[in-house]
Amino acid sequence: MDKNKKIILGGLIALVFLLVVGFAAFGSQLTIKGTARVSTAWDVHISSITPNNLIGSAQNIAASVGESGLSATFETDLKTPGDSITYTVTVVNAGTVAAKLSDIKFYQSQDQTLDNKPAITYSYSQDKIDTDSHSKLAAGQEITFDVTVKYTDDYDPNNFTEVNIENDLEMVLTYTQDEEA
């Protein structure tokens, strides 16, 4: 190999060496660090149950919201056919996540009695909680609905037995996260 080729080859090797050293000297290493937290809070609960609209000689014995607001109970004394009392129940979304009523279960212990007529009936204001527009609770919102207990108008009080003088109600509202919000 002639001398010029050796000089050119040596020069190229030196240039590559300088490029590697220069790249290392001026290169930067970037590091990204981060922390993420979920700060949402789920808090849908019953905030109040209030007796109102007493008809006839109906009496409210007790109405209360259970601990942590996950239940509400009431006790009513109905004396004559036609008596009724309505309880207004308030459900509030005190959390930060939008909620939607996904299911309602309504159970009565006394479905039917003598002559297929119940002595005591329950109903609730379906239009206030069943429709899609009323079933959603944004954070900070509340909804009220009514539960009515009634001594059936045409029930003969002479037909009372131990079995049909009481009627228990269980109403279960299931709220889930509203994924459309």
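The values are calculated or read from the model by the stated rules, or taken from the named source; none is laboratory data. Small disclaimer: the values here were computed from a predicted structure and weren't measured. A quick note on method: Cβ atoms are made from the backbone with ideal geometry, for glycine too, and the neighbour counts reach across all protein chains shown.
Can you confirm whether segment 80-102 contains a residue that is under 24 Å from LEU137 (Cα atoms) and modelled with pLDDT under 90?
Here is the first cut: in segment 80-102, the ones under 24 Å from LEU137 (Cα atoms) are 86-102.
In the following step, the residues that additionally are modelled with pLDDT under 90 were identified as 101-102.
Yes.
Looking at segment 83-105 only, could you name the residues that are among the small types (Gly, Ala, Ser) and assigned to a strand (DSSP E or B)?
In the first step, residues of segment 83-105 are kept if they are among the small types (Gly, Ala, Ser); the result is 84, 94-95, 98-99, 102.
Of everything in segment 83-105, those that are among the small types (Gly, Ala, Ser) and assigned to a strand (DSSP E or B) turn out to be SER84, ALA99, SER102.
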Conditions (1) surrounded by 14 or more Cβ atoms within 10 Å (Cβ to Cβ); (2) at pLDDT below 95; number of the one not met by ASN60: (2)
Which listed residue, of THR73, THR80, is part of a strand (DSSP E or B), loosely packed, with under 14 Cβ neighbours inside 10 Å and in contact with a Gly (Cβ under 8 Å, 6 or more places away or on another chain): THR73
Residue under evaluation ASP153, criteria (1) at pLDDT 90 or above; (2) touching a Pro at 6+ places or on another chain (Cβ under 6 Å), criterion not met: (1)
